[in-house]
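Everything on this sheet refers to the single structure shown next.
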Amino acid sequence: MEFREATPTERMQYYAEEWNPRSIPDFITAALPEKEIAYDHNGSGYNDRYNAYTTLRELEVRIKTLNPYAVCASTAYYEHPEKREGWKKAELVFDIDAKDLPIRSCSCEPGSICDVCIEEAKELALHLMDTLKGDFGLGEVHLAYSGRGYHVHVPDERAEHIENRSAILSYVMGSVRPNDPLMVGGYARTWRRMMAFTVSKLQERDLSFLSPKVAAAVVEQKEAIIAGIQARKLDFLNVPGVGKASSDKVLEKLMEYAGLTVDGKVTIDTKRILRLPSSLHSKISMICTLVKHPETFDPFSHAVPRFVHERP
């Protein structure tokens, strides 16, 4: 699919004929009077901020009047969102942008996306959600397609007041070696899962710090390395052609890559704004969509506005 920017006429068509405000997730509309809404009118950035609405109808009228280039809602809840004052709490959120994945199995140029890397962003998001639900016991965890990747929203009361979000980020991304990697559950399991995921996407270009021969050996034996991880072997990188010094370097790089797969600034920032699910990502003409059935969700089937199919 060709990603093209939506014209002002196409934006107007989408919001007049296709957009339904009831597609905005309940966890946002239920707290709408406490949310800041921000608009980008022409692709130059979110310069129209400090907007607040008491009812969904007010928001609907405003969006259909503006036909905005992009719309965001705050992850924070405020007493006075129109002033961005009286911070109460904030969703725990994670931003996985396909164009920024540090490693991916496709051949996209930096800053570009395709169906392969978008699918890999979803795969990563599902790993992350499993960890949040299984290890932290968080019940309300939502996935949203953002246009170029995925956002994970956690409007769970137990998570919204957490201050040290960098620690949670490190945990779910497996970016720190566990004290006991052999433990069956807990962080060790999350770490192993992230190591296996990262290894599965490795290409020789991702191992430029190694000699070409050693990099080729790592890539050729990815299945054996992943099997070793899943078998809870400490020396899972001990495969033919990879010495101890090289395996230590690879392990450090794997954890570095794992930590870079999400935009950490978004998770740590408790006053962040994120794209409003149901709104149009005008840069690429895709619909930001709440994903209710992640396993079967295909953005190229479920998040393409009608005007794209009508283009000459």
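Side notes on the structure shown:
- For region 147-240, the set of chymotrypsin sites (Phe, Trp or Tyr not before Pro) satisfying both a DSSP loop assignment and a count of at most 13 other C-beta atoms within 10 Å is given as Phe209.
- The distance separating the Cα centre of region 155-206 from that of region 1-77 comes to 33 Å.
- Other residues lying with their Cβ under 13 Å from the Cβ of Gly137 contribute a combined charge of -3, Lys and Arg counting +1, Asp and Glu -1.
- Restricted to Cα atoms, region 171-268 shows a radius of gyration and a Dmax of 13.1, 41 angstrom.
- Taking a sphere under 14 Å around the Cβ of Ala224 and counting the other residues whose Cβ falls inside, with K and R at +1 and D and E at -1, yields a net charge of -1.
- Loop-located GluC sites (Glu not before Pro) in region 1-69 whose Cβ has at most 14 other Cβ within 10 Å (DSSP): Glu2, Glu5
- Net +/- balance of residues flanking Gly174 in space, Cβ distance below 12 Å, scoring K and R +1, D and E -1: +2
- Sparsely packed loop sites in region 76-178 (the GluC sites (Glu not before Pro) outside DSSP H, G, I, E and B with at most 16 other Cβ atoms within 10 Å) comprise Glu82, Glu140, Glu163.
- Kirkwood hydrodynamic radius of region 1-123, Cα pairs, Å: 16.6
- Calculated [222 nm] ellipticity per residue, helices only, for the chain: -10500 deg cm²/dmol; basis is -39500 (n - 2.57) per DSSP H run with n ≥ 4, divided by all residues, nearest 500.
- Given charges at Cβ of Lys, Arg, Asp, Glu: region 99-154 dipole, positive-most of His153, Ile103, Gly134: His153
- Axial C-alpha extent at least 27 Å, average Kyte-Doolittle at least 0.0 - helices from the chain (DSSP): 115-134
Every number here is computed from the coordinates shown, using simple stated rules; none is lab data. Keep in mind that this is a model prediction, so the values were computed, not measured. We place every Cβ from the backbone using ideal geometry, glycine too, and count neighbours over all the protein chains shown.
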